[in-house]
Structures are given as structure tokens and as C-alpha cells.
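What follows is calculated from the coordinates using simple rules that are stated; it is not laboratory data. No experiment lies behind these values; they were computed from the predicted model shown. Here the Cβ is made from the backbone with ideal geometry for all residues, glycine too, and neighbour counts use every protein chain on show.
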Amino acid sequence: MIPGLNLSPSRTGAPGGTATTPGGSAAAQAYPTNNLKRLLQMLSGLPKPHVLDLGRLSGPNIQWLIQKGYKVYVDDRLSTLKPAPLPPPPSRSGKSKPPPPPLEPLEYSPGLFDAALCWDLFDYLAPTQAKDLIAGLRKALKPKGLVLALFNFNRVSAPPPVRYRILQADQLEYKPLPVPPMPRRIYENREIQEFFAGFDTVNSCFLKNQMREVLVQRLPG
Amino acid sequence: MWNWNNYDEPSPQPPRRPAEANTPSKHNTEIIRREKMGQVAIIGQSIQIKGELTGNEDLTIDGTVEGNIQLKDNSLTIGPNGNIKADINAKKVTIVGEVQGNVTAEETVEIRESGKLRGNITTPRLIIADGAFFKGSVEMERKPGMVKDKPARDDKAVLRPELLSVKS
């Protein structure tokens, strides 16, 4: 059993392998994290850090961050995302697959943000969409701007989209959303490194709950 | 005429504990009470206003307003049919309908489940329900002498489960 995730089919009662409470509602799961704490430490000392949250809209997270003195920008990318179809199985027909729909570009001034939070996001993007988003993000970040990104490596079940909530600087909670499962990809480490080619890796760790947390810093130039 | 019961939760709410008295629902209860007493001005669904809207009483807008809204000492509620394209400055702002514009509130901004806001928020306290839409920036404007923030752990003291709210 994977600690902290509880997505094993034998324990699930909802489509997509959502962990459920006895009452039937999706259960929130908390887990420790070091990368958010590290990000916050790296932002400390800045006069009024500008932070962009690209994950699912979370009121408590926004309130938590503004209480830290940050200016928080909210841009819930998944709320407007048209899910990209998963690639078809390999065939010999040689037919080219349709490209995924382009993402809305990030419309922010260059060098505006000190950090960006990408919670439950990249798993639902096609590689071209993820690359486009990260390229836009790189422009919108200040030099040495930080990105915290989460990637799900759970190959056993298909967890539905979740909403992350900051409980403390070193503790996150996620709760499955009552929405239909979306096409989800599992990106390998090599692909993640390619996505963040213009960044320096501050820390990357694989958690017991099958999540990979990546904290990267924009390289100058 | 539209009233609060049209969009309040259909299921009965559990009794509220005194420790949680300072929640958005208390604000709602106050508005309902004042509305029943005729103390809340209402702009109905068919009304369209262009220009500057100012006043000294609580206001509910269920119509369309384009321009600028100033209710510095009072509460403003954008009802489920409300469609606002204006900058808003009020004591408390509750959004159930749609707003496009910057919102400044001295006390609280609340975006309900059906609420949509495209614009920037300046407020010391923000409540956003699951399912709400918001795109923009949030900045806290703290007045001298305001109560110090409680730690994030206190978030769990919020009463209404459908709201992810925190207290400042």
C-alpha cells in the first residue's frame, strides 16, 4: 500500500480510484513536503514577492500566501483546459495524430514573478502544451525565479484531478475533486528535465505517495 | 424579485457554534434580516446601469452595472443574475454572479460557488468557495491595528464545509 495516497483499487469506492471516506465523500490526504518550505525560504527577504498560482483555485492557499505578505496571482489553467487526447497506441499506418489544442498564452509582463506554483497541472498537458506553458512561464519569471511543480507517477490507478492545499510550509494536503477523470500522462524524469531545460534544479524528490516534486530556478539569460 | 433563498444551500445547515460566529454566513444572515426589514437596496434583474454608483446603504445587484461602484461603508452583494463590469470599492463584497473589474474591500471579499471574478482583489480577508472562478491578483491591504493573522492550521475552524475559508 502506498502511504499517504490510498489509491489502491481495493480501497477505492469512486471512479478513478479516489480514496473515499465511509460516508462516500473523497478523503483529503496530507503529506510532508520540503520543497514548498525551501521555496518560501528562498523568497524570504524579498520585499513583496509576486507569486503565480497556476493550479486549481484554492481560497485557503491564496489567503495563506497573502498573509505571508506575497502578492498572489491566480490563473487556474485546468479550469479552462480542453483536455488533450492521449496518444493512440502505436500503429504501422503512419497516420499523423492530431496536435493537441494550444493553451492560452500566459499574459503577464516579462519578469513579473518571483515564483510560480504548478500543483496538479502538467499531468494533464500534452508535451507540447507543457513546453509552451513553461516557455511562457520562463518569460514571466524574474531571473532566478522559482517554479514548484508536481508530477504524478502513479501507474496503478488513474487518480482524478485534485486540489492542493497548504497546511503548513512543510505540509500539503490534496483532495480529489468531484469531477470526471481527465486524460493523464506520466512523464518520465528525462522528459521533466527537458521541460525545464532553461532552469537549474534546486531540488527534485520522489515521494512515497508516488509524486515527484520539482523545485527549479530560472537560469539567467 | 430575487431573494437570497434562491441560491442558498438547499440542505439545512447544521447549528453554528459560537466560536464560529464570525463567518460569512453571519454576514448573510444579517443581509437577509436587513433585506426583510427593507434596509438593503436591490437593483433588480432587469435593471441596467451605466456610470458611477455610490451610496450609504447595503446593496444587492442582480442586474447589470457598467462603470464604477463605491459603497465604502457598506456591503455589496452581486446576486446570481448580477453582471458587473466595473471597479468595486465597498466594505464587504459578496459575489454570486459575475464581475469583471477590480475589487477593493475594507473587510472581506467572498466569491461563492457560482461566482466569477476576472480582476484584481485588494482585501484583508478572502473567501473563495470550491467551484468558484477567479482570475487575477490578490493583495492584502492591512490597516494599522488589525488583528494579527492566525496560523494556517486555524483554517479548519470554518463552519460551512462548502466554503474553503480562512480567517485573518
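Treat the count of other C-beta atoms within 10 Å as a stand-in for reagent exposure and order A:ARG185, A:ARG218, A:ARG163 from fewest to most.
Least to most surrounded, the residues fall as A:ARG185, A:ARG163, A:ARG218.
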Quiz prompt | Number of partner chain Cβ atoms within 10 Å, mean per residue of B:118-127 | solution = 3
Quiz item: Tell me, what HN-Hα J-couplings in whole Hz come from the Karplus equation 6.51 cos²θ - 1.76 cosθ + 1.60 at θ = phi - 60° for each residue of the stretch B:126-141, using x for Gly and Pro?
Solution: 10, 10, 10, 7, 4, x, 6, 10, 8, 9, x, 10, 10, 9, 8, 10
Quiz item: If you stretched the chain out fully between A:GLU104 and A:GLU194, how much longer would it get, using 0.36 nm times the residue separation minus the C-alpha to C-alpha distance?
Solution: 30.3 nm
